[in-house]
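What follows is a single structure, written as structure tokens, with notes after it.
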Amino acid sequence: MGEQEILAAAKKAIIDYDVDKAEEIANEGLASGVDPVALVEKGFVPGIVEVGDLFDAGEVYLPELILAADAMKAGTSICEAKFPKGAIQKKKKVIMGTVEGDIHDIGKSIVVAFLSANGFEVTDLGRDVVPKTFAEKAKELGADVVGASALLTTTMEMQRKVVEEMKEIGLAGKVKIIVGGAPTSEEWAKKIGADAYAENAIEAVAKIKQLTGLA
Ligand code: B12
């Protein structure tokens, strides 16, 4: 298979909710020299976005969404292990998590993988993380940046709480806060007092480099 066919097959594996196929395509793609970042961004991501659109349109339901997400995780985790290793000398620490009430973690995990690939020391707090935990972990680990992901309009508010907890613990201004996730925006970040917003994983790396004085 050529690169375009592999990317198309990766997308199809997600739309078909096929975990085995997603793994097979990831392995085959990597073996034939397809860039792991492209395989995720141009193959698997368009697949989950399409399933999301079908869900939105009422054409598929939650069980299918869960199956698609499983296939997505299977494929992307194989690619993430092969992301190029970055060459940043001075390690900067980033704490990342999905906010309380929200279990969407595919995008957050991609951001984590991109950051690690770029030489950042990342602590992934996982999903459904209470605001206080972001702040406490930031203090405990001496983080340079805290990142909070929210995929639901109802959980975006928790990002504001993360900012408030950071103020409470005396870290706001010292430790930078970045937010992301589909319903969020630059405007939202400003509104809640976060330091930055990024639309995707590549932009997240660029913004975090800026925040930590690496760019
Ligand atoms: C997969 C998925 C699920 C999976 C999640 C599995 C998992 N482990 O993550 C499951 C099936 C569990 C799920 C459940 C639900 N989901 Co859902 N889900 C999706 C779906 C289809 C894709 C999300 C995704 O993974 N996208 C791909 C990744 C790569 O993109 P991303 O998350 O946006 O991340 C990128 C950027 O946003 C950014 N980024 C992300 N995080 C961060 C953090 C920082 C700091 C930065 C800088 C950047 C950044 O970088 C990432 C990589 O480029 C979306 C639809 C969509 N198109 O977004 C709906 C969607 C988010 N879900 C939705 C809903 C309604 C739900 C449920 C409430 C359904 C229900 N009735 O129960 C539950 C909620 C459960 C909960 N409490 O969280 C709605 C939300 C609507 C809204 N406006 O709030 C959406 C938009 C679908 C829709 N159109 O209706 N879902």
Practice prompt. Would you please give the residues with an amide H less than 5 Å from that of V122, counting only those at least 5 places away or on a separate chain, with H modeled from the backbone geometry?
Written response: V94
Worksheet entry | Burial order of peptide ranges 114-122, 153-161 (average beta-carbon count within 10 Å, highest first) | 114-122, 153-161
Item to complete: Using only alpha carbon pairs under 8 Å that are at least six residues apart, calculate the relative contact order of the range 154-215 and give it in whole percent.
Response: 28 percent
Practice prompt. Just need the relative contact order of the chain here, percent rounded to a whole number, with Cα pairs under 8 Å and 6+ apart.
Written response: 16 percent
Practice prompt. Report, in degrees rounded to the nearest 10, the 0 to 90 angle that the Cα long axis of helix 156-168 makes with the longest principal axis of the chain.
Written response: 30 degrees
Practice prompt. Can you tell me the FRET efficiency between E136 and A38 if r is taken as the Cβ-Cβ distance and R0 is 35 Å, rounded to the nearest 0.05?
Written response: 0.40
Practice prompt. With the cut-off at 14 Å, report for the range 106-175 the share of all Cα pairs above it, as a whole percent.
Written response: 59 percent
Item to complete: Note the full-extension length gain between A182 and K167 as 0.36 nm times their separation in residues minus their Cα-Cα distance, in nm to one decimal.
Response: 2.9 nm
Discussion item. Assuming 0.36 nm per residue, please report the length gained on full extension of the stretch T123 to E157 beyond their Cα-Cα distance.
Written reply: 10.0 nm
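Sequence gap at least 6, Cα distance under 8 Å: using those rules, report the relative contact order of the range 29-116 to the nearest whole percent.
Computed over the range 29-116, the figure is 30 percent.
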Worksheet, complete the sentence: Share of Cα-Cα pairs in the range 1-94 beyond 22 Å, whole percent, is 31 percent
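Out of the total accessible area of the chain (probe 1.4 Å, heavy atoms of protein only), what percent is carbon and sulfur?
It is 53 percent, rounded to a whole number.
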Worksheet entry | Pair A81, L54: separation of 7 Å Cα→Cβ label points (nm) | 2.8 nm
Worksheet item: So for the pair D20, I103, with labels modelled 7 Å out along Cα→Cβ, what separation do we get in nm?
Response: 2.6 nm
Worksheet entry | Pairwise centroid distance, computed over Cα atoms, of the range 153-187 with the range 8-53, Å | 31 Å
Discussion item. Quick check: the angle from helix 19-31's long axis to the longest principal axis of the chain, C-alpha only, nearest 10 degrees?
Written reply: 90 degrees
Fill in: Projected area, mean over directions - the range 68-215, Cα convex hull, nm²
8.0 nm²
Discussion item. Using Cα springs under 10 Å in a Gaussian network model of the chain, which residue among A13, A57, A38 shows the largest mean-square fluctuation?
Written reply: A57
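Per the helix-only calculation at 222 nm, which mean residue ellipticity applies to the chain, given -39500 (n - 2.57) for every DSSP H run of n ≥ 4 and division by its residues, nearest 500 deg cm²/dmol?
About -16000 deg cm²/dmol.
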Discussion item. Can you give me the accessible area per residue for the range 58-155, using a 1.4 Å probe, in Å²?
Written reply: 47 Å²
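The values are calculated or read from the model by the stated rules, or taken from the named source; none is laboratory data. Keep in mind the model is a prediction, meaning the values are calculated, not measured. Don't worry about glycine lacking a Cβ; one is built from the backbone with ideal geometry, like all the others, and counts go over all protein chains shown. All accessible areas refer to the heavy atoms of the entire protein, side chains included, with ligands and DNA or RNA removed. Shrake-Rupley method; radii C 1.70, N 1.55, O 1.52, S 1.80 Å.
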